[in-house]
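Step one of this worksheet: look at the structure below.
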Amino acid sequence: MKKPELLAPAGSFEKAKAAFRYGADAVYCGTGSLSLRSRAEVDNDDLRKTIEFAHELGKKVYVTINIYAPDSVYDDIEKQVLMLKEIKADGILASDGGVIEKIKELAPEIPIHISTQANTLSAHTANFWYKNGAERVVLSREMNKEDIKELIANIPEGLETETFIHGAICWAYSGRCYLSDYMAQRNANLGDCAQSCRWAYNMYIEEANNPGNIMPVEEDSTGTYVLSSKDLCLIKEIPELCEMGVTSLKIEGRLKSEYYVASIVNIYRSAIDDYFNDPEHYDYKKYMTEIDKIKTRDLTTFFFNDKKNTDYQEFAGKQYNPNFEYGGMVEKYDADKSLVRIGNRLTVGDEVELIIPGEIKPVEFTIEKMWDSETGEEVDHVNPGKVGQNVLMNIPVEAKEDWFIRRKRK
Ligand code: SF4
């Protein structure tokens, strides 16, 4: 059994660094407006830096050009492909046949990965893509585990598979959605989804025989989120995913923060490594304890275990974690007074956790004292942008630069 690649989102160079620091084997990111997260794109300089940084670590960067492209953008596509060839991208994710032909013509050495946007659901389709130059297919989120096993059993050994294990799912069939275009004039198929399915909606019914008798339809006091989905979480299913031979396990979230990406990557890194080290004793609960501290919505296994599963509606429409939030990041460790970049209001007495790469259990401690990083004066609280972006505090274990600290909400 080969250990699967852990693939993380990188909406910026900083996010890519955070993902690698916390254990990602590879990251994926976009270019300009040619990917399906046009608001989370790294510019070309950032992309170059990300690829150089990754290659120094022996890691990989895949770049998305996965829009459905009209003829008018092919000049841009050519430029992007040539640029990716020059900076040695490790793969390009695409879904449109014309774009795929262009990559094959201009940069035949770059592996083509078929994006989830192409909705690959079967070995038939995967084999079609293989014959047409693909080295990897990203599997549709609508598949269950039996479908995935069947597909892997019926494709050539040289064709890699990638599947989502964590993050947002679409209310519509993945990506085939015009809701955002209709509601916000932002086209999901051109990388500009406004996530309109997550919005609260006012709904009414009117009795046909009694016009004007309009009655609101409400879920509860938190709002009416009839189109909103829970987030995918397959932490319990990691052993099965490893056993079935999926090449790459993918985390969604190019718009998520560095803290979120690092935290989720750290958990799945530990889970995969622990399973390979000791498969008999894989216990997902300890990983779930940590995921609970980061999740911003309720979680679902979606269709992975059961295609008839209907437990994926997020009725509360939450967008934040009620128990923990980002606290800050270690700038410089010192046994007495470490420099911390503030991420949120911090107060003496706050319970915080230091997230250590490769360790599932964070180091918990209480902030006993803080000092202004410029004046050295003792302070009892700090706000980002007020006292300063940095603060000095005591950290009870030797911490490294850029490790994240989370704060327990009161
Ligand atoms: S609006 Fe929702 S369902 Fe539609 S593409 Fe965006 S995230 Fe997916």
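Glu364: part of a strand (DSSP E or B), more than 21 Å from the chain's Cα centre (by Cα) and exposed (fewer than 15 other Cβ atoms within 10 Å of the Cβ), yes or no?
So Glu364 passes the test.
Of everything in the stretch 276-305, what is under 11 Å from Lys236 (Cα atoms) and free of Cβ contacts under 8 Å to residues at least 60 places away in the same chain? Give them in sequence order.
Once the filter is applied, which keeps residues that are under 11 Å from Lys236 (Cα atoms) and free of Cβ contacts under 8 Å to residues at least 60 places away in the same chain, the stretch 276-305 yields Tyr282, Asp283, Tyr284, Lys285, Met288.
Pick from the stretch 151-207 the residues that are in a strand (DSSP E or B) and within 14 Å of the ligand (Cβ to nearest atom): which of them is farthest from Ala69 (Cα to Cα)?
Only one residue fits best here, namely Gly167.
Taking the stretch 352-410 only, how many residues are touching a residue at least 40 places away in the same chain (Cβ under 8 Å) and among the small types (Gly, Ala, Ser)?
So the answer is 3.
Quick check on the stretch 367-403: of everything there that is charged (D, E, K, R) and more than 30 Å from the chain's Cα centre (by Cα), which residue is modelled with the lowest pLDDT?
Filtering the stretch 367-403 for residues charged (D, E, K, R) gives 368-369, 372, 374, 377-378, 380, 386, 398, 400-402.
Retained after the next criterion (residues that are more than 30 Å from the chain's Cα centre (by Cα)): 368-369, 372, 374, 377-378, 380, 386.
Values: Glu368: 95, Lys369: 94, Asp372: 92, Glu374: 88, Glu377: 94, Glu378: 95, Asp380: 94, Lys386: 62.
That would be Lys386.
Check off (1) under 16 Å from Thr301 (Cβ atoms); (2) more than 16 Å from the ligand (Cβ to nearest atom); (3) under 20 Å from the mean Cα position of the chain (by Cα) for Asp231 and give me the number that stays unchecked.
(2)
Per-residue answers, yes or no, for (1) assigned to a helix (DSSP H, G or I); (2) under 19 Å from the mean Cα position of the chain (by Cα); (3) free of Cβ contacts under 8 Å to residues at least 12 places away in the same chain:
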position	(1), (2), (3)
Ala8	no, yes, no
Lys15	yes, yes, no
Ala18	yes, yes, no
Gly23	no, yes, no
Ala54	yes, yes, no
Lys79	yes, no, yes
Leu84	yes, no, no
Val99	yes, no, no
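Suppose the filter is surrounded by fewer than 19 Cβ atoms within 10 Å (Cβ to Cβ) and away from the ligand (no atom under 16 Å from the Cβ); does Thr125 pass it?
yes
For the condition modelled with pLDDT of 95 or more and either surrounded by 24 or more Cβ atoms within 10 Å (Cβ to Cβ) or out of contact with any strand residue (DSSP E or B) (no Cβ under 7 Å at 6 or more places or on another chain) (or both), what is the one hit in Leu57, Leu36?
After ruling out the rest, the residue left standing is Leu57.
Quick one: which of Asn344, Asn390 is touching a Ser or Thr at 6+ places or on another chain (Cβ under 8 Å) and polar (S, T, N, Q)? Break it down stepwise before answering.
Details: Asn344 fails: touching a Ser or Thr at 6+ places or on another chain (Cβ under 8 Å).
Checking each option against the conditions leaves just Asn390.
Take Gly343 and tell me if it is under 21 Å from Lys17 (Cβ atoms) and in contact with a Pro (Cβ under 8 Å, 6 or more places away or on another chain).
For Gly343, the condition - under 21 Å from Lys17 (Cβ atoms) and in contact with a Pro (Cβ under 8 Å, 6 or more places away or on another chain) - is met.
The values are calculated or read from the model by the stated rules, or taken from the named source; none is laboratory data. Quick caveat, the model's predicted, so the values are computed rather than measured. We place every Cβ from the backbone using ideal geometry, glycine too, and count neighbours over all the protein chains shown.
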